[in-house]
1. Without any contact (Cβ under 8 Å) to a residue 40 or more places away in the chain and open to solvent by less than 30 Å² (accessible area, probe 1.4 Å), is that true of P44?
2. Checking the condition in a helix (DSSP H, G or I), in contact with a helix residue (DSSP H, G or I) (Cβ under 6 Å, 6 or more places away or on another chain) and open to solvent by less than 30 Å² (accessible area, probe 1.4 Å), which residue from L21, L56, L32 passes?
3. Given the condition of a type in the set (D, E, K, R) and closer than 21 Å to G132 by Cα, answer yes or no: does some residue in region 196-205 qualify?
4. Just give me the residues in region 249-279 being among the basic types (K, R) and more than 23 Å from the chain's Cα centre (by Cα), in sequence order.
5. Within region 144-166, can one find any residue that is surrounded by fewer than 19 Cβ atoms within 10 Å (Cβ to Cβ), charged (D, E, K, R) and in contact with a helix residue (DSSP H, G or I) (Cβ under 7 Å, 6 or more places away or on another chain)?
6. If you check I67, I4, which single one turns out to be β-branched (V, I, T) and over 24 Å from the mean Cα position of the chain (by Cα)?
7. Consider A321 carefully, then state whether it is closer than 23 Å to L389 by Cα and not aromatic (F, W, Y).
8. Taking helices (runs of 4 or more DSSP H) that fall entirely within region 208-295, which contain at least 1 residues that are open to solvent by 40 Å² or more (accessible area, probe 1.4 Å) and either small (G, A, S) or closer than 30 Å to G71 by Cα (or both)?
Amino acid sequence: MVRIRDAARRYGPVLAVFGTLKLAGFCSFMFLLSSSGDYRAKHPRFGGGARPWDVLATWDGWWYQQIAVHGYDPKLVEIPDATGLITLEGNSAAFFPLYPALIRLTSEVTGLGSYGAGLLVSIVASFAAALGIHAIAERLGGRRAGLAAAGLWAVWPGSGVEWAVYSDSLYVALAAWACHAVLADRWLTAGLLTCAAGLNRPTAGALIAALGVAALLSLRGREERVLRPLLAAALAPLGLLGYLLWVGNRMGQLTGYFALQSGAWAREFDFGRQTLDVLTSVPVGKFDYLFAYPFADVISVAVILLAFALLPPLLWMRPPAVLVLYTVITLVMVLTNQQIVANISRYLLPCFPLFLPLAFALRRLSLPRMCTLLGIAALASGSYAGYALFELGIP
């Protein structure tokens, strides 16, 4: 009982602040959906449904539910006579297995359908991510900084997918706690969490690389206990590589996953040409580039510029190498891909170390002022982080 009381005293305020802010943003999002009513005219797979909250399980959410219910059947199927960017039929193998596996497990344990189970997994994971981000920020800047960082996770651009049938919250929870484990010198925990992250999203490559370099750096001056960092670095890529190899084997093509991403979703490495095209077009009011979603793209451009603005202060703080490497590599991976740029506000959600400069600034405010500022952002997030993604773009 003493331990439970201590845990409640320590983590209760973090969970309360995060939960309150998320609930405010969520209700704002639902209000905007109800007010516009546009979702009623859209396909149930593509941002539509009978009720506002049905939108939360559309787009990628539909694919995750299909995997949870029916499993995988990886294949490359050409679209007859297709000559444009999209030449292959979409296939569930593009979506990594950990999140849908948890949906299925939760559904079997609770009796919920795939929608309810997926939402439950995401909500629980979002709280776990908030605690992980808080733990890192608290370790580096004190309790008030940790509280601010958890609050920023609730209102960050793209945070509308945190309480949706999407894998983002689960990935950030795994990444945050993996980074914290590195900071705490718990290498095997870090390796296992990174391995799990690799089963959840392909951007886990950034976490794998960051952990590997951090493990090598940790060996300097060590005469004992060198095995655990090396073992963690060896464990870290197994999830990601294992899934990619399994998909390639089932498709009969080693690079099958990447062929599917390119042919079915037009996602491929392009050295940042697509991102640069958008960055040079949106500020002058031009929306004639590939995959243009004007309102959502304006938000994504603002998010990219915000990330670039926060990166130097993060570097000046000289945080542990794992945080810097993870953030920089994630930024590079996201910004050098041909993709729907409107999604970048979501793809940059894992860059939680960028919260640190703002969290350190917010800790100077009194708690009521901090909560007021974050509360205003939470209400606004219903538009910029939720509605803009699901209804004015493609999340």
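The values are calculated or read from the model by the stated rules, or taken from the named source; none is laboratory data. Predicted model, so just to flag it, every value in this text is computed and none were measured. With ideal geometry, Cβ positions are generated from the backbone for all residues, glycine too; neighbour counts draw on all protein chains shown. In case anyone asks, the SASA skips ligands and DNA or RNA and just uses the protein heavy atoms, side chains included. Shrake-Rupley method; radii C 1.70, N 1.55, O 1.52, S 1.80 Å.
1. For P44, the condition - without any contact (Cβ under 8 Å) to a residue 40 or more places away in the chain and open to solvent by less than 30 Å² (accessible area, probe 1.4 Å) - is not met.
2. The match here is L21.
3. Yes, region 196-205 has at least one match.
4. R250
5. Checked region 144-166: no residue is surrounded by fewer than 19 Cβ atoms within 10 Å (Cβ to Cβ), charged (D, E, K, R) and in contact with a helix residue (DSSP H, G or I) (Cβ under 7 Å, 6 or more places away or on another chain).
6. It is I4.
7. no
8. 227-235, 238-251, 256-265
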